[in-house]
Amino acid sequence: MSRETDLSAEAKVAERSPAPDLEDLALDEDYALTAEFVDMVIDAADRGDGPRLAELVAALRPADVADLMGFLTEDYRAEVVPHIPAEELAEILTELEDNIREEVLEIVAPATLAKALENLESDDAADVVDDLDEKKRERVLAALPAQERSAIEASLAYEDETAGRLMQREVALAPQFWTVGQAIDHMRSAGDALPEIFFDLYVVDPAMRPVGAAPVSRIVRAARETPLTEIMEPVTEIPVDMDQEEVARIFDKYHLISAPVVEPGGRLVGQVTVDDVVGVIAEESEEDMLALANVSDIGRDASMIGIIRSRLPWLVINLVTETVAVSAIAIFQDEVAKIVALAVLLPIISSLGNNASVQTLAVAVRALAQRELNAANTWRVIRREVIAGIANGLALSLIIGAAVIAFYHDGKLALTAGLALMADIIIAAIIGILAPLALERMGRDPAVSSPIIVTFTTDFVGFFALLAIAAVIMV
């Protein structure tokens, strides 16, 4: 058989063999995009193969498409975005990282974007529109139907990161004199006027104030003639101007799935649902984590200039504080020159003090964020941390003392190291709890400035304590 015949047979077999499922190729067992799939998208974009790009994107769910955008460069995103249907684009926009979303919004035509926004709840649509420049925002809003445009403009009127911006205006309502049967008939006939997904039917009085919430699960199990007031539950009202972080805390505390949002007079204007709160929790946690490290540049597309501007000022501040801290060494430089072992112990004492302060600081910042620290328990928490610092300091001082004796066979040096380390660990515990409390009292974010304060304090105390004690005991 000739080589040509062999190749022909192989081609026929390949034709009959089913193509591998694109979704299976796209995601690994952890539902993360595979490098192979990203390369397939890049290859199709390089060839200008629009149908193939559309096929590849269609194989992904919106969250995975958003993830894909993060792996592509700006030029490749410009190739992919036009092949995303408007109805799919809507949900993808809500999943994108902020800087990537702004870039994608510049690519999408106003008419296409308006069509996409019609498929979103009012809160998500308002978030997208808020990222548009003024000129494009006007064109997109003008292309929307009057009802959708009004809802978005009303949402944008509220302050950012408040319940008013977080809420969706679409709610399921019923007057308090209705029965279960009337409520079911209303929900069946209302159609698009209802939220796409909802958990409670809010029961309102004539002034549109919520008097209770009838869970859908109870409604479908109750007899048609049952009054809604018999199956409704009390509601936890969310003021429209409440900070979104406080909203998330209330949802967590009371295990809420949804809650009505009310204006100052008590009139219901929207609802917050648990899916919105999950996003807030993730966002606030990320902010706190980055703040503890004094950085604000996030995302795979953070610019070089943005990274430098974010990090350099804090590094300069840290340089200044560390320069002040090491001035303690200059004061006792004669002692360091006489006892070289002190130079070896300095970074050990300092490092352990830093680690101890970070442990206390992390606990304090979390407690403040969760509203677990207030005037009623502040001193109890401080006392607990100080006692823990004393216990840890004692244990570590014994360990480092034993190590110094083993290496240097010097009892005085061991005592010096042990006392210095104990002092630094105790101070670390105190400053680790007091710094965030003081900053919170001053109205500053404790996660941002506390690390600089505690690092400076523990370094200075560690250096000064070791050298001062050495000057008294050993010289």
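The values are calculated or read from the model by the stated rules, or taken from the named source; none is laboratory data. Keep in mind that what you see is a predicted model, and the values were worked out from it rather than measured. Here the Cβ is made from the backbone with ideal geometry for all residues, glycine too, and neighbour counts use every protein chain on show.
Of the conditions (1) under 41 Å from the mean Cα position of the chain (by Cα); (2) at pLDDT below 90, residue 408 fails just one. Which one is it?
Tallying (1) under 41 Å from the mean Cα position of the chain (by Cα); (2) at pLDDT below 90, residue 408 fails exactly one: (1).
Which residues, counting only those in region 184-235, are over 18 Å from residue 170 (Cα atoms) and of a type in the set (S, T, N, Q)?
Within region 184-235, 217, 226, 229 meet the criteria.
Give region 406-423 a look and list any residue that's without any contact (Cβ under 8 Å) to a residue 60 or more places away in the chain and either in contact with a Leu (Cβ under 6 Å, 6 or more places away or on another chain) or aliphatic (A, V, I, L, M) (or both), or say none.
Within region 406-423, 406, 414, 415, 419, 422, 423 qualify.
Output the residue which, of all residues in region 252-262 that are touching a residue at least 24 places away in the same chain (Cβ under 8 Å) and crowded, with 17+ Cβ neighbours inside 10 Å, is farthest from residue 207 (Cα to Cα).
258
Please indicate, with yes or no, whether at least one residue in region 185-197 is β-branched (Val, Ile, Thr) and modelled with pLDDT under 90.
Looking for residues that are β-branched (Val, Ile, Thr) and modelled with pLDDT under 90, one finds at least one in region 185-197, hence yes.
Residue 285 passes all but one of (1) farther than 30 Å from residue 222 by Cβ; (2) buried (at least 17 other Cβ atoms within 10 Å of the Cβ); (3) at pLDDT below 90; which number fails?
Every condition holds for residue 285 apart from (2).
What residue, of 235, 261, 280, is part of a helix (DSSP H, G or I) and either at pLDDT 95 or above or of a type in the set (Val, Ile, Thr) (or both)?
280
What pairs can you find where one residue is in region 263-279 and under 11 Å from residue 199 (Cβ atoms), the other is among the basic types (Lys, Arg) and surrounded by 15 or more Cβ atoms within 10 Å (Cβ to Cβ), and their Cβ atoms are less than 9 Å apart, with a gap of 6+ or different chains?
Pairs found: 271/169.
So in region 184-212, with the set limited to residues that are more than 14 Å from residue 262 (Cα to Cα), among the hydrophobic types (A, V, I, L, M, F, W, C) and touching a strand residue (DSSP E or B) at 6+ places or on another chain (Cβ under 9 Å), which one is surrounded by the fewest Cβ atoms within 10 Å (Cβ to Cβ)?
In this case the residue turns out to be 197.
So which of 41, 13 is part of a helix (DSSP H, G or I) and at pLDDT 90 or above?
Within the list 41, 13, the selection yields 41.
Scan region 58-99 residue by residue and report those that are buried (at least 20 other Cβ atoms within 10 Å of the Cβ) and among the β-branched types (Val, Ile, Thr).
Selection gives 65, 80, 81, 84, 92.
Does any residue of region 63-75 turn out to be in a helix (DSSP H, G or I) and farther than 26 Å from residue 33 by Cα?
Checking region 63-75: not a single residue is in a helix (DSSP H, G or I) and farther than 26 Å from residue 33 by Cα.
Filter region 447-475 for residues that are closer than 30 Å to residue 284 by Cα and without any contact (Cβ under 8 Å) to a residue 60 or more places away in the chain and give the result.
Hits for region 447-475 are 449, 453.
Answer yes or no: is there a residue in region 148-158 that is crowded, with 16+ Cβ neighbours inside 10 Å, over 27 Å from the mean Cα position of the chain (by Cα) and assigned by TED's automatic domain parsing to the domain that holds residue 124.
Checking region 148-158: at least one residue is crowded, with 16+ Cβ neighbours inside 10 Å, over 27 Å from the mean Cα position of the chain (by Cα) and assigned by TED's automatic domain parsing to the domain that holds residue 124.
Suppose we keep only residues that are surrounded by fewer than 18 Cβ atoms within 10 Å (Cβ to Cβ) and not small (Gly, Ala, Ser) within region 449-475. Which one would you say is nearest to residue 362 (Cα to Cα)?
452
Just name the residue that is farthest from the chain's Cα centre (by Cα) out of those in region 231-251 that are more than 23 Å from residue 123 (Cα to Cα) and surrounded by 16 or more Cβ atoms within 10 Å (Cβ to Cβ).
Filtering first and then ranking leaves 231.
Would you mind telling me which numbered condition in (1) part of a helix (DSSP H, G or I); (2) touching a residue at least 12 places away in the same chain (Cβ under 8 Å); (3) outside the structural domain of residue 249 (by TED's automatic domain parsing) residue 120 fails?
All conditions pass for residue 120, except number (1).
For region 164-223, which residues satisfy the criterion of being more than 31 Å from the chain's Cα centre (by Cα) and part of a loop (DSSP other than H, G, I, E, B)?
176, 177, 178, 205, 206, 207, 208, 209, 220, 221, 222, 223, listed by residue number.
Can you confirm whether residue 128 is part of a helix (DSSP H, G or I) and closer than 24 Å to residue 275 by Cα?
Yes; evaluated as a whole, the condition is true for this residue.
Would you point out the residue of region 435-475, among those that are outside any helix (DSSP H, G or I) and of a type in the set (D, E, K, R), that is farthest from residue 368 (Cα to Cα)?
Residue satisfying both the conditions and the ranking: 444.
Just name the residue that is surrounded by the fewest Cβ atoms within 10 Å (Cβ to Cβ) out of those in region 213-230 that are out of contact with any strand residue (DSSP E or B) (no Cβ under 6 Å at 6 or more places or on another chain) and not β-branched (Val, Ile, Thr).
223
Check whether at least one residue in region 385-405 is within 22 Å of residue 469 (Cα to Cα), of a type in the set (Asp, Glu) and either touching a residue at least 12 places away in the same chain (Cβ under 8 Å) or surrounded by 14 or more Cβ atoms within 10 Å (Cβ to Cβ) (or both), and report yes or no.
no
So how many residues does region 105-114 have that are surrounded by fewer than 19 Cβ atoms within 10 Å (Cβ to Cβ) and either under 13 Å from residue 87 (Cα atoms) or at pLDDT below 85 (or both)?
Here the count works out to 2.
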